[in-house]
Amino acid sequence: MGETVTHKLIRSHLLDGKMNPGEEIGIRIDQTLTQDATGTLVMLELEAMGLDRTKAAVSVQYVDHNLIQSDYRNPDDHVFLESAARRFGLWYSRPGNGVSHPVHQERFGVPGQTLLGSDSHTPAAGALGMLAIGAGGLELAMAMAGEPFYFTMPEVLGVRLTGELPDWVSAKDVVLEMLRRYDVDGCVGKVIEYHGPGLASLSAMDRHVIANMGTEMGATTTVFPADDEVRRFLVREGREDDFHGLDADKDADYDQLDEIDLSSVEPLIALPSSPGKVVPVREVAGRAIYQAYIGSSANPGLRDFAVPAAIVKGRQVHPSVSFDVNPTSRQMLENLAARGELAQLIRAGARLHQAGCNGCIGMGQAPATGRNSLRTVPRNFPGRSGTKEDAVYLCSPETAAVSALRGEITDPRDMGGEMDYPRFQEPDEILVNTDMLVPPPDDGGETELVKGPNIHSLPELKPLPEGLEGPVLIKVGEDISTDEILPAGTRVLPYRSNIVAISRFTFEGIDEHYPERAEEYQHEGHFVVAGSNYGQGSSREHAALAPRHLGVKAVLAKSFARIHAQNLANFGIVPFVFEDPDDYGRIRRDDLLRIPKVREALANGSEIVEAENVTREESYRLTYRLSGRQVRMILAGSVLNLYRENGGD
Ligand code: MIC
């Protein structure tokens, strides 16, 4: 049997383990991507590890999340990151240069290589035939130290694309169709690999849209072949030499198969407040909207702005709609300006924001209370926009633009009566702008890290005690996202480099008194109990480190999302899984739990660990899906402790 693109990518980078689905493997990382909201911790981790210079072939530090400078904190982070980039030999993408994922694809993406990013949407680079994976910051630090990146060998879900998208339907609708089929956890443990004749009509940036939101299905990553379209993309970016063709063998052996006939896809929309709640736009048409928002890493291509510009050209957005335009990058702004589309958007009533992530992560542009917001962003977890009980819908740029004109959710095909669909043709040439990408110095080893008063070193983490005992201080439901564990947004993001301060926001949206209660048990320890897919969404390791700082020693859940489970292990929190999911229902908040001899049990590889519920006089059988390596880091208290114990750098 022949190989898939995924298997070829993994095989060519395999350093440790066997490629059997479910087994842990270690691969070589060629490139790393860090952004500011997660990058400050990574740089502090590199400092703690005593690393001299990144060992990856290319490492890039972006500043795209924390752009609002309402006090000294975010700009201090920027200055710190700039010094760290010099110190550790990273490229530095200055604030205003653009959103990491599309800029990385444009400037650094190389088919056939691996990319590890401290951001869950890193898989977007799979559009070029890369194996691009999102991970917690510590994983990034280890990859920069030249260590293998460990993850579970995935299964490959081959999705064959046939046909061509109809007018008014675009790549976002394709990935929403996938979300309709697989929901937010249907691709856990899988790589989604697209193939088939339908690919020919999807541009490299269309593929970026689809790969970016594979994360929303829990996938390890998404992969496309590197074909002629990828070559054309690299030629336009002035990087033809970086092209290497990569395709699946004709008889490639996918673990699972699915098919989408592109000609049958219709405009789709994800309802509040989950990317998995997908319905046809026509089913919810007519609901009044307050906001239509275009941009973000989920719809970053020139076409994602040019098509809405053509739709609103010569028209005015509805008087009650805030039409927010979030350009991808400075390069994109220059191109939109040169082509005239920027003026069309502004004339039609667009509110123009700076190039960056902005409202996608709740950094401004929050919707008004009780009003509907239509966004082309990748996720709409509760409250992520910054407004409590928000109503954020995820849709294509076409749906957002047409709805902006009408003032209500509108199937974009309705516009067909007024105008022809402005089908986009990628230009042969674009303006390329690399001036805000600062290359690493040949030797920055002497550079001092510039730490403002809000930047604090990592707290010391103690090894796992012999036994655990403490109350369940919080019990949460199903599909809890990291946004709910540790929110983003303008109030919280400025504390990403200050663990003690940021921990005061832990579980804020679910139970605002949790941090106070936790402080009481900070030293003795306490437990979190959760449903399935706990920790879905972002890669922010703060969602593990802040609870750990507050004393969480173990999370008992029905199941975990991939990146978060690893983040918990990285910081010495045991991610226990109920052998019988019904036990979840038997535990109440404030119950006192005891797990005696937990250290011994993990060290001996016991398959089952018993937890006693002292309050209810019951006990539960817990399992854990941890490799020997993960157990060792938990016993040591964190992967950093383990690295130091092993005499790393
Ligand atoms: C997100 O989209 O949730 C983020 C913000 O990009 C995160 C990273 C973060 O929390 O800093 C992600 O996707 O990993």
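The values are calculated or read from the model by the stated rules, or taken from the named source; none is laboratory data. All of these numbers come straight from a predicted model, not from anything done at the bench. As a convention, Cβ positions derive from the backbone with ideal geometry for all residues, glycine included, and neighbour counts pool all protein chains shown. Calculation scope for accessible area: heavy atoms of the full protein, side chains included, ligands and nucleic acids excluded. Shrake-Rupley method; radii C 1.70, N 1.55, O 1.52, S 1.80 Å.
Got a number for residues in the range 428-486 being among the charged types (D, E, K, R), closer than 30 Å to K277 by Cβ and touching a strand residue (DSSP E or B) at 6+ places or on another chain (Cβ under 7 Å)? Lay out the reasoning, then the answer.
Within the range 428-486, the first condition is being among the charged types (D, E, K, R), and the residues that meet it are 428-429, 435, 442-443, 446, 448, 451, 460, 462, 466, 469, 475, 478-479, 483-484.
Those still in the list that are closer than 30 Å to K277 by Cβ too: 475, 478-479, 483-484.
Applying the additional criterion that residues be touching a strand residue (DSSP E or B) at 6+ places or on another chain (Cβ under 7 Å) yields 475, 479.
The number of residues fulfilling the criteria is 2.
The residue that is nearest to the ligand (Cβ to nearest atom), among those in the range 355-379 that are surrounded by 24 or more Cβ atoms within 10 Å (Cβ to Cβ) and among the β-branched types (V, I, T), is I361.
Just to be sure I understand, how many residues within the range 533-546 are away from the ligand (no atom under 15 Å from the Cβ) and crowded, with 24+ Cβ neighbours inside 10 Å?
As a first pass, look at the range 533-546 and keep what is away from the ligand (no atom under 15 Å from the Cβ): 533-534.
With crowded, with 24+ Cβ neighbours inside 10 Å added as a condition, the list becomes 534.
Selection size over the range 533-546: 1.
Under the condition of being within 30 Å of M19 (Cα to Cα) and polar (S, T, N, Q), the residues counted in the range 139-181 number 2.
Might you check whether a residue that is in a loop (DSSP other than H, G, I, E, B), over 19 Å from L115 (Cα atoms), open to solvent by 10 Å² or more (accessible area, probe 1.4 Å) and away from the ligand (no atom under 16 Å from the Cβ) occurs anywhere in the range 40-54? Break it down into steps so the answer makes sense when it comes.
Here is the first cut: in the range 40-54, the ones in a loop (DSSP other than H, G, I, E, B) are 50-54.
Narrowing further to those that are over 19 Å from L115 (Cα atoms): 50-52.
So of that shortlist, the ones also open to solvent by 10 Å² or more (accessible area, probe 1.4 Å) come out as 50, 52.
With away from the ligand (no atom under 16 Å from the Cβ) added as a condition, the list becomes 50, 52.
Taking every residue of the range 40-54 in turn, at least one turns out to be in a loop (DSSP other than H, G, I, E, B), over 19 Å from L115 (Cα atoms), open to solvent by 10 Å² or more (accessible area, probe 1.4 Å) and away from the ligand (no atom under 16 Å from the Cβ).
Of the candidates F576, F507, the single residue that is open to solvent by less than 30 Å² (accessible area, probe 1.4 Å), assigned to a loop (DSSP other than H, G, I, E, B) and away from the ligand (no atom under 12 Å from the Cβ) is F507.
Of the set (1) within 15 Å of the ligand (Cβ to nearest atom); (2) in contact (Cβ under 8 Å) with a residue 24 or more places away in the chain; (3) assigned to a helix (DSSP H, G or I), all apply to R491 but (2). If we scan the range 416-427, do we find a residue that is without any contact (Cβ under 8 Å) to a residue 40 or more places away in the chain, more than 16 Å from the ligand (Cβ to nearest atom) and either open to solvent by less than 70 Å² (accessible area, probe 1.4 Å) or outside any loop (DSSP other than H, G, I, E, B) (or both)? There is at least one residue in the range 416-427 that is without any contact (Cβ under 8 Å) to a residue 40 or more places away in the chain, more than 16 Å from the ligand (Cβ to nearest atom) and either open to solvent by less than 70 Å² (accessible area, probe 1.4 Å) or outside any loop (DSSP other than H, G, I, E, B) (or both). A single member of E259, E266 is open to solvent by less than 40 Å² (accessible area, probe 1.4 Å) and outside any helix (DSSP H, G or I), and it is E266.
For the range 277-291, the set of residues classified as out of contact with any Lys or Arg (no Cβ under 8 Å at 6 or more places or on another chain) and crowded, with 23+ Cβ neighbours inside 10 Å consists of V281 only.
Can we say G383 is more than 16 Å from the ligand (Cβ to nearest atom), of a type in the set (G, A, S) and either over 29 Å from E106 (Cα atoms) or open to solvent by 30 Å² or more (accessible area, probe 1.4 Å) (or both)? When the stated conditions are applied, G383 does not pass them.
Give me a count of the residues in the range 579-595 that are farther than 18 Å from Q536 by Cβ and surrounded by 15 or more Cβ atoms within 10 Å (Cβ to Cβ).
Here is the first cut: in the range 579-595, the ones farther than 18 Å from Q536 by Cβ are 579-580, 582-583, 585-595.
If we keep only those that are surrounded by 15 or more Cβ atoms within 10 Å (Cβ to Cβ) as well, we get 583, 587, 591-595.
Residues in the range 579-595 being farther than 18 Å from Q536 by Cβ and surrounded by 15 or more Cβ atoms within 10 Å (Cβ to Cβ): 7 in total.
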